[in-house]
Structures are given as structure tokens and as C-alpha cells.
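Please treat every number below as a calculation from the coordinates, not as lab data. Computed from a prediction, not measured in an experiment: that's the story for all the values here. Because the Cβ atoms are built from the backbone with ideal geometry, glycine has one as well, and the counts that use them run over all protein chains shown.
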Amino acid sequence: MRKVVVRDFRYLNGEIEIPSDKSLSHRGVIFSSLAKGRSIIRNFSDGKDPLSTINVLRGAGVKIEFIDEKTLSVCSSGKFQPPVYDLDCGNSGTTMRLMSGVLAGQNFKSVLCGDLSLSKRPMKRVIEPLTLMGAKITSSAGTAPLIIQGGDLHSINYTSQIASAQVKSCILLAGMQAEGRTIFSEPYLSRNHTEILLKYMGADIKTDGNTVSIEKSELAPVDMTICGDISSAAYFIAAALIIPKSRLVLKNIGLNPTRTGILDVIKEMGGNIRILDERIVCGEPVGDIMVEYSSLKGCKISGGIIPRLIDEIPVIAVLASFAGGDTIISDAQDLRNKESDRIKSVVEGLKKMGADIEETDDGMIISGKSELKGGCCLDTFHDHRLAMSFYVAGLAAQKEVMIDGFEWAGISFPNFENLFEKVKVI
Ligand code: S3P
């Protein structure tokens, strides 16, 4: 386990590029594998999760090569080969749930497995709709490993109880291979990268509010460039907001409105944040973000904004710990099903740091303070977003903080500490 000590410095200043979007990297390589021909994906993520997706696709016979450090070439016939070994999704829920939709439509048996954390996460949410579509999936207790016997699928009209882009994408990827028009509805709109990219690659897909439908479609190969990940940018944004005198410009960040809930919350908290040079890249809005140290106030976060900031809640809890007044986060029960139980683990970690924070069934209540004492050692709970959120809290704490198990940050952001070193003014 790698221990990291968050060291002293004065403030943050500079202009940096944030690594590539993880959600788009998964989708780019999966959808390219379903297209007949050669696709090029530029600025592919170097996180471990997207690499798990590449390994799973290679195991199913797709030819994927790195042309350079960040550029992928994907050559596919549009159909996969029966894997000769179990397909290891590592820590990545997105890999397992999206690939289960893909493999459900392929005429062979495959096994999707994962690490300890992924093997505990709920998979019934994809097993149930895929079974309704005609796939045969075996799993014990609705968790990985999933044994998938794929074949001919038929369309369904499915209403999901949860707003989940992974469930939606799984059903759309199966629907794209099924007879008839598959319709999917969710209570709130979750991230819509799948809809945008499938349309960009020629799928017959229609959206109407929280409902999306798809017909059997063939995809055309793509040449795409992936933008920076707003979920990774969130740690730099949060750090600049709570460390006096800081100012950062983050270049080339994805600004899809289904992902920018954190920006809305920061504005409501009184944060000084601005978008510069907004543009569209491969159907996705992209821009630069300028953020400065600000005096923040607490706010209420619930309902439809939750899926728009679901991965940023741990770092929003850090922000709230430094904001005047209370922040109440509710309707976020699915946080308990992430890489760790993120309600429990965030509360436990920030309490150790000296925050006034309480767990509720579906969220947390944080009473902000002007400082956190720190001077402790924190566990990452084997969860990349907690490792990075605690690092940010450590940057702003009174006394040195040690984080144990920091290698987990590499799941989405291998260069995290080095990039922070670049903008620290000593
Ligand atoms: C993701 C969707 C979200 C998010 C995850 C990535 C995606 O999960 O938490 O990190 O790329 O589709 P849910 O869709 O299950 O909420």
C-alpha cells in the first residue's frame, strides 16, 4: 500500500490540462469495437479502468493497438470472437455493465469477472432487463462473475427505478443488436455520452427528455478526440476554491450538462468559477474553467442534480466542510453501491480530519468550519475518488495528513500528485 503525505505549500496557481474523460474513453473503445473498420481514438485515458475495457475487448477478439501513448487504433469486423478465458473488468463497473449489454447480443458464452470491490456491486440492475430481452445470464446473488450466454435479442420497453448511465448504456447496446425498437426511461436524466456518441457513429437513436429509444443499428468507424474529465478536474477546482490566494485555469474540460452539476453547486455556494472558450468536439461541449479561492456557503443538494454530480459528491463534501453553514445532501443512496460505500467512507474520513459531518440513509449533513485540523492518517477504502478527495482535504488542513493506499487514485487519474506538484506555489 502506497502512503502519501500531503505536504505544505502556499497556494495553487497555473494553467493545466486535465487527463482524458473516463466515461468517454470506455464508450469510444467499446463502440469502435462494434463498428466495422478502423477507428482512431485520440487522447484516450491512461486510467486503469479504461485499460480494463481494452483488455476485455481484446479478450473478445478485437484488435486494439496504441499508436502512441494516448492514441488508440481499433480494428474490428463489428462482431466478436468467443473468449477463451474469463474477461476481467478489474475495478470498473462501467466495463462490466456496458460489456454485459454488448456480449448479450453475441452468439457465444462469455464470463465477466472483476476485483473484490466490483464483485460486491449490484448487477441485478443489468441482469434483469437483459434477461427480459432474451439473454441468459447466470450469477450468484446478482453479483459478478456474470456468465452470459448471448444470442438473438428482442426489444423491450423498460422503465428503470434508478437514474444510471451504466444501466441505460447496457440496454442501449443490447437494443442496438435486438429486433424491434428498445425504449428506456429513467427517473432523472443520467449522463448521456452513450446517446451522443452512438448518434455520432450513425445509430438509429432518439431521445425525448428522460426517455431514449434505439433500433437495430450498424455503427460507422470514428475518428474521435476525447476531452478532459470534469470528474478529475473537480479535485483541482475544489482545492483552488478552499486554499486562499489560489487561481487555476483548467484547459479542455468536458462540459456536457449531464455532468456539470458540480459547477451549478459551486455557483450556488458562492464560488468564483467561469467557463471560457466553450466549443463542441465530437458532439460534446468542451471549454476551459477558471476558478479562484472563494468564501463558500452551504447549500442543499438533492433530486435531479444528483446523477449530474454523482461521482463528485466526495469532493463536494470536502468543499462543504470549509463552507459557512450547513450542506445537506440527500437522494444519493446509490452512492452506497459505488467502489466503496461512499456515504459511510466519506463521513468516516472527514470526521477523522475534524469535520462536523453526519451520515444519513441517502446522503450526509455537513456543518462547515473555517478549518479542518488534519494531523491524521486516512484510509482510501480502495476507492480512487476517496483517495483524491482526502488528498484535497489534506491540502487545506492545518496539520499534515497521510493517505494510505494512494495507488487507488490510478483507477482514473495516475498522474494526480505530479499534476498537483506542478501548480503548488512553495
Ligand atoms: C458512469 C456512470 C455512473 C458513474 C460512473 C461512470 C458511466 O454510474 O458513477 O463512475 O460512465 O456510465 P451509474 O450510471 O451507475 O450511476
Compare the peptides 192-201, 395-404, 153-162 by average per-residue count of other Cβ atoms within 10 angstrom and give them in order, highest first. 192-201, 395-404, 153-162
In this structure, the FRET efficiency calculated for F66 and Y200 from their beta-carbon separation, with R0 = 25 Å, to the nearest 0.05, is 0.65
From the square roots a ≥ b ≥ c of the eigenvalues of the alpha-carbon gyration tensor of the stretch 1-144, which class results: rounded (a/c under 1.5), prolate (a/b over b/c), or oblate? oblate
May I ask what percent, to the nearest 5, of DSSP beta bridges between residues of the stretch 261-403 are antiparallel? 75
per DSSP, antiparallel bridges as share of beta bridges in the stretch 22-225, % nearest 5, sits at 75
Could you tell me which residue out of I205, I148, I273 lies farthest along the dipole of the chain toward its positive end? Charges go on the beta carbon: Lys and Arg +1, Asp and Glu -1, centred on the Cα centre. I148
Measure out, as a whole number of angstrom, how far apart the alpha-carbon centroids of the stretch 220-295 and the stretch 354-426 sit. 20
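Report the relative contact order of the chain, percent, no decimals, based on alpha-carbon pairs under 8 angstrom and at least 6 residues apart.
That works out to 18 percent.
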What does the extension gain come out to for D277 and S73, with contour length at 0.36 nm per residue minus their alpha carbon separation? 70.5 nm
Suppose we keep just the DSSP beta bridges with both residues in the chain; what percent of those would be antiparallel, to 5? 70
Using modelled amide H (1.01 Å from N, peptide plane; none on Pro or chain starts), what sits under 5 Å from the amide H of F413, excluding residues fewer than 5 places away? K48
Quick one: grab the alpha carbon gyration tensor of the chain, order the square roots of its eigenvalues as a ≥ b ≥ c, and give me rounded if a/c is under 1.5, else prolate or oblate depending on whether a/b is larger than b/c. prolate
Any idea which of C170, A35, G283 is furthest toward the positive side of the dipole for the chain, if Lys and Arg beta-carbons carry +1 and Asp and Glu beta-carbons -1? A35
Which order do the peptides 205-214, 22-31 take when ranked by the mean count of other beta-carbon atoms within 10 Å per residue, highest first? 22-31, 205-214
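Pop the C-beta distance of E128 and C377 into the FRET formula with R0 = 35 Å and round what comes out to the nearest 0.05.
Using R0 = 35 Å, I get an efficiency of 0.25.
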Is there a quick way to get the dipole size of the chain? I mean about its Cα centre, with the Cβ of Lys and Arg at +1 and of Asp and Glu at -1; what is the value in debye to the nearest 20? 260
Using label points projected 7 Å from each Cα along Cα→Cβ, tell me how many nm separate S330 and D115, to one decimal. 3.5
Any lysines whose Cα falls less than 20 Å from that of K22, other than same-chain ones fewer than 8 residues away, would be K48, K70, K168, K199, K251, K338
Packing-ranked peptide list from 303-315, 368-380, 233-245, highest mean Cβ count within 10 angstrom first, is 233-245, 303-315, 368-380
In nm, to one decimal, how far is the E359 label point from the R247 one, both placed 7 Å along Cα→Cβ? 4.2
Through the Karplus equation 6.51 cos²θ - 1.76 cosθ + 1.60, θ set to phi - 60°, convert the phi angles of the stretch 189-199 into ³J(HN,Hα) values in whole Hz; use x for Gly and Pro. 6, 8, 3, 10, 4, 4, 4, 5, 6, 4, 5
Below 8 Å, C-alpha to C-alpha, sequence gap of six or more: please give me the relative contact order for the stretch 22-225 in percent. 21
Under unit Cβ charges (Lys, Arg +1; Asp, Glu -1), what dipole magnitude, rounded to 20 debye, does the stretch 22-225 have relative to its Cα centre? 140
Extent of the stretch 328-426 along each principal axis, from alpha carbon coordinates, in Å, largest to smallest? 40, 31, 20
In sequence order, calculated HN-Hα J values of the stretch 334-348 (Karplus, 6.51, -1.76, 1.60; Hz; x Gly/Pro): 5, 4, 6, 9, 8, 4, 9, 6, 6, 6, 5, 6, 5, 4, 4
Between the modelled labels at D264 and D208 (7 Å from Cα along Cα→Cβ) the distance in nm is 2.3
Measure nothing but the geometry: give the 0 to 90° angle between the long axis through the Cα atoms of 22-34 and the longest principal axis through the Cα atoms of the chain, rounded to 10°. 10
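May I ask you to compute the full-extension gain from S185 to K297, defined as 0.36 nm times their residue separation minus their alpha-carbon distance, rounded to one decimal in nm? Working shown, then result.
On the way: separation 112, 0.36 × 112 = 40.32 nm, distance 3.50 nm.
Extra length available between S185 and K297 comes to 36.8 nm.
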Mind listing the long-range amide H neighbours of K300? Cut-off is under 5 Å, sequence gap 5 or more, other chains count too, H placed in the peptide plane at 1.01 Å from N. I328
Given H placed on each backbone N at 1.01 Å, which residues far from E17 in sequence or on other chains put an amide H within less than 5 Å of it? K251
Using θ = phi - 60° and the Karplus curve 6.51 cos²θ - 1.76 cosθ + 1.60, what whole-Hz ³J(HN,Hα) does each residue of the stretch 177-188 get, with Gly and Pro shown as x? 10, 9, 6, x, 9, 8, 10, 10, 10, 9, x, 9
Residue separation between R38 and T143 times 0.36 nm, minus their alpha-carbon distance, gives in nm 34.4 nm
In whole percent, what relative contact order does the stretch 97-143 give with Cα contacts below 8 Å and a gap of six or more residues? 43
